[in-house]
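Worksheet for the structure shown next.
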(Lines give C-alpha, C1' and ligand atoms only; values in the text may rest on other atoms or scores of the structure.)
Protein backbone atom coordinates (compact mmCIF):
# COMPACT_ATOMS: atom_id res chain seq x y z
CA UNK A 1 0.00 0.00 0.00
CA UNK A 2 1.48 3.35 -0.94
CA UNK A 3 1.18 6.55 1.01
CA UNK A 4 -1.29 7.94 -1.54
CA UNK A 5 -3.83 5.16 -1.05
CA UNK A 6 -3.66 4.57 2.69
CA UNK A 7 -7.08 3.94 4.25
CA UNK A 8 -8.64 6.72 6.24
CA UNK A 9 -8.12 6.40 9.97
CA UNK A 10 -10.94 4.38 11.48
CA UNK A 11 -11.52 2.32 8.34
CA UNK A 12 -8.33 0.32 8.72
CA UNK A 13 -9.99 -2.55 10.58
CA UNK A 14 -12.59 -2.95 7.83
CA UNK A 15 -9.91 -2.83 5.14
CA UNK A 16 -7.74 -5.39 6.96
CA UNK A 17 -10.56 -7.95 7.22
CA UNK A 18 -11.31 -7.90 3.52
CA UNK A 19 -14.91 -6.84 4.22
CA UNK A 20 -16.29 -3.70 2.73
CA UNK A 21 -18.34 -1.27 4.77
CA UNK A 22 -21.58 -2.23 3.00
CA UNK A 23 -21.29 -5.94 3.78
CA UNK A 24 -20.30 -5.32 7.40
CA UNK A 25 -23.17 -2.92 8.03
CA UNK A 26 -25.75 -5.01 6.16
CA UNK A 27 -24.94 -8.06 8.30
CA UNK A 28 -25.63 -6.01 11.43
CA UNK A 29 -28.67 -4.04 10.28
CA UNK A 30 -30.47 -6.92 8.55
CA UNK A 31 -30.78 -8.79 11.83
CA UNK A 32 -33.62 -7.70 14.08
CA UNK A 33 -32.32 -9.50 17.16
CA UNK A 34 -28.93 -9.05 18.86
CA UNK A 35 -26.64 -12.07 19.00
CA UNK A 36 -27.16 -14.03 22.23
CA UNK A 37 -23.43 -14.30 22.90
CA UNK A 38 -22.83 -10.55 22.70
CA UNK A 39 -22.46 -8.86 26.11
CA UNK A 40 -24.23 -5.50 26.04
CA UNK A 41 -22.70 -2.32 27.41
CA UNK A 42 -24.49 -1.10 30.56
CA UNK A 43 -26.76 1.92 30.03
CA UNK A 44 -24.83 3.96 32.62
CA UNK A 45 -21.57 3.36 30.76
CA UNK A 46 -23.14 4.36 27.45
CA UNK A 47 -24.59 7.51 29.00
CA UNK A 48 -21.19 8.50 30.45
CA UNK A 49 -19.64 8.01 27.02
CA UNK A 50 -22.32 10.21 25.42
CA UNK A 51 -21.69 12.98 27.96
CA UNK A 52 -17.89 12.74 27.59
CA UNK A 53 -17.97 12.87 23.79
CA UNK A 54 -20.92 15.18 23.21
CA UNK A 55 -19.04 17.74 21.11
CA UNK A 56 -16.57 15.32 19.49
CA UNK A 57 -16.79 14.73 15.74
CA UNK A 58 -14.90 11.45 16.03
CA UNK A 59 -17.43 9.91 18.40
CA UNK A 60 -17.92 6.73 16.35
CA UNK A 61 -14.18 6.04 16.25
CA UNK A 62 -13.92 6.71 20.00
CA UNK A 63 -16.69 4.17 20.61
CA UNK A 64 -14.86 1.56 18.52
CA UNK A 65 -11.59 2.33 20.31
CA UNK A 66 -13.26 1.86 23.69
CA UNK A 67 -15.38 -1.24 23.03
CA UNK A 68 -13.63 -2.81 20.00
CA UNK A 69 -16.87 -3.96 18.41
CA UNK A 70 -19.35 -2.06 16.28
CA UNK A 71 -21.86 -4.88 16.83
CA UNK A 72 -21.61 -4.47 20.60
CA UNK A 73 -22.01 -0.69 20.46
CA UNK A 74 -24.91 -0.88 17.98
CA UNK A 75 -26.90 -3.49 19.91
CA UNK A 76 -26.21 -1.85 23.27
CA UNK A 77 -27.51 1.48 22.00
CA UNK A 78 -30.48 -0.29 20.40
CA UNK A 79 -31.32 -1.96 23.74
CA UNK A 80 -30.87 1.32 25.61
CA UNK A 81 -33.27 3.10 23.25
CA UNK A 82 -35.88 0.44 24.05
CA UNK A 83 -35.51 0.96 27.81
CA UNK A 84 -38.73 2.15 29.45
CA UNK A 85 -38.65 5.75 30.64
CA UNK A 86 -35.58 6.70 28.60
CA UNK A 87 -35.88 10.06 26.88
CA UNK A 88 -33.52 9.86 23.89
CA UNK A 89 -34.09 13.51 23.04
CA UNK A 90 -32.00 14.66 26.02
Inset, instruction - Please tell me if residue 14 is under 15 Å from the mean Cα position of the chain (by Cα) and at pLDDT 55 or above. - result: no
Legend entry - residue 20 vs. criteria exposed (fewer than 13 other Cβ atoms within 10 Å of the Cβ) and either modelled with pLDDT under 50 or in contact with a strand residue (DSSP E or B) (Cβ under 9 Å, 6 or more places away or on another chain) (or both): no
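The values are calculated or read from the model by the stated rules, or taken from the named source; none is laboratory data. Small disclaimer: the values here were computed from a predicted structure and weren't measured. Reconstructed Cβ throughout: ideal geometry from the backbone, glycine too, with neighbour counts over all protein chains shown.
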